[in-house]
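Visitor: My questions all concern the structure below.
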Amino acid sequence: ARLVVLVSGSGTNLQALIDAVADRGYGAEIVAVGADRSGIAGLERAERAGLPTFVHRVKDYPDRTAWDAALTASVRAQRPDLVVTAGFMKILGPDFIAAFTGRIVNTHPALLPSFPGAHGVTDALAYGVRVTGCTVHLVDSGVDTGPIIAQGVVEVTDADHADGGEALHERIKTVERQLLVDVVGRLAREGHRIEDRKVWIPA
Ligand code: GRF
């Protein structure tokens with residue numbers, strides 16, 4: 001399966017996928033990496049792995065619709081079977097969602113539907129949850145609202161309240177990377193279908 005991965009930051013989820021696709025049995029290849037900004041570690045990781053990259057910055061476009069169209073065109077050109085948003089910090093527009101419906105996989109560092117949005121880790125911590133975690137889901141037109149494929153649980157400790165959630169987010173990312181690699185591999189090898197909000201993967 002052909003994967004396009006979209007990143008906005010450190011790209012540790014991307015790195016986990018780069019490492020996973022090296023195994024021929026994994027059943028996928030990363031054909032390109034896209035970002036909404038340049039100068040990020042995620043793009044360095046892609047370049048180090050010899051992967052084609054592209055950047056579309058919102059501020060380079062007259063409006064959000066133009067940006068969405070440009071991003072959609074760059075991704076479509078790669079003929080992806082799956083698009084993976086791993087730490088991609090922009091909301092994908094309707095054109096993009098329409099172009100890749102049912103084939104966009106996102107990872108979120110909280111147990112959806114709790115704590116959607118860009119601050120899931122610190123929102124959960126501030127709420128006082130005793131467990132949080134991560135969610136791998138398909139992207140629909142909402143924000144972090146698509147059908148859930150897998151979730152991983154991470155305990156919250158008293159110490160987590162002392163460092164603004166840094167240590168907690170790292171523990172979540174450790175679980176998240178493994179969950180994302182597992183799910184993307186299964187989707188790549190087995191395919192999937194969606195019924196209501198349930199994602200069915202054979203085997
Ligand atoms: C991940 O925890 C992702 O869920 C969140 O931001 C983090 C990105 O990490 N949106 P990385 O860029 O993959 O290291």
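The values are calculated or read from the model by the stated rules, or taken from the named source; none is laboratory data. These numbers come from a predicted model, not from an experiment. Cβ placement follows ideal geometry from the backbone for every residue including glycine, while neighbour counts extend to all protein chains displayed.
Visitor: Sort through ALA162, ALA124, ALA98 and tell me the only one that's hydrophobic (A, V, I, L, M, F, W, C), out of contact with any Leu (no Cβ under 7 Å at 6 or more places or on another chain) and closer than 26 Å to ASP63 by Cα.
Guide: On the way: ALA162 fails: closer than 26 Å to ASP63 by Cα; ALA124 fails: closer than 26 Å to ASP63 by Cα.
After ruling out the rest, the residue left standing is ALA98.
Visitor: ARG64 - would you say it is closer than 23 Å to PRO116 by Cβ, of a type outside the set (Gly, Ala, Ser) and surrounded by fewer than 20 Cβ atoms within 10 Å (Cβ to Cβ)?
Guide: On the way: closer than 23 Å to PRO116 by Cβ: yes; of a type outside the set (Gly, Ala, Ser): yes; surrounded by fewer than 20 Cβ atoms within 10 Å (Cβ to Cβ): yes.
Yes, satisfied.
Visitor: Another one. Do we find that ALA41 is under 16 Å from the mean Cα position of the chain (by Cα), of a type in the set (A, V, I, L, M, F, W, C), surrounded by fewer than 21 Cβ atoms within 10 Å (Cβ to Cβ) and on the phi < 0 side of the Ramachandran plot in this structure? Quick ask: steps written out before the conclusion?
Guide: Details: under 16 Å from the mean Cα position of the chain (by Cα): yes; of a type in the set (A, V, I, L, M, F, W, C): yes; surrounded by fewer than 21 Cβ atoms within 10 Å (Cβ to Cβ): yes; on the phi < 0 side of the Ramachandran plot: yes.
In short, yes.
Visitor: Can you name every residue in region 1-26 that is buried (at least 17 other Cβ atoms within 10 Å of the Cβ), more than 10 Å from the ligand (Cβ to nearest atom) and over 15 Å from VAL75 (Cβ atoms)?
Guide: Within region 1-26, ILE18, ALA20, VAL21, TYR26 qualify.
Visitor: Which ones in region 88-113 are in a helix (DSSP H, G or I) and charged (D, E, K, R)? Break it down stepwise before answering.
Guide: Of region 88-113, the ones in a helix (DSSP H, G or I) are 94-99.
Across region 88-113, the qualifying residue is only ASP95.
Visitor: So, one more: I'd like to know if region 169-176 contains one or more residues that are among the acidic types (Asp, Glu) and either closer than 21 Å to ASN13 by Cα or at pLDDT 95 or above (or both). Spell out how you get there, then give the answer.
Guide: Quick first cut of region 169-176, residues among the acidic types (Asp, Glu) only: 170, 176.
Subsequent filtering for residues that are either closer than 21 Å to ASN13 by Cα or at pLDDT 95 or above (or both) retains 170, 176.
Yes, because at least one residue in region 169-176 is among the acidic types (Asp, Glu) and either closer than 21 Å to ASN13 by Cα or at pLDDT 95 or above (or both).
Visitor: If you go through region 68-81 one residue at a time, do you hit one that is touching a Pro at 6+ places or on another chain (Cβ under 8 Å) and aliphatic (A, V, I, L, M)?
Guide: Looking for residues that are touching a Pro at 6+ places or on another chain (Cβ under 8 Å) and aliphatic (A, V, I, L, M), one finds none in region 68-81, hence no.
Residue by residue, here is whether (1) in contact (Cβ under 8 Å) with a residue 12 or more places away in the chain; (2) touching an Asp or Glu at 6+ places or on another chain (Cβ under 9 Å); (3) assigned to a loop (DSSP other than H, G, I, E, B); (4) surrounded by fewer than 22 Cβ atoms within 10 Å (Cβ to Cβ) holds:
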| residue | (1), (2), (3), (4) |
| --- | --- |
| ASP123 | yes, no, no, yes |
| ALA150 | yes, yes, no, yes |
| VAL153 | yes, no, no, yes |
| HIS161 | yes, no, no, yes |
| GLY164 | yes, no, yes, yes |
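Residue-wise test of (1) surrounded by fewer than 19 Cβ atoms within 10 Å (Cβ to Cβ); (2) at pLDDT 95 or above.
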site	(1), (2)
ALA86	no, no
ALA99	no, yes
HIS119	yes, yes
VAL129	yes, yes
GLY133	no, yes
VAL156	no, yes
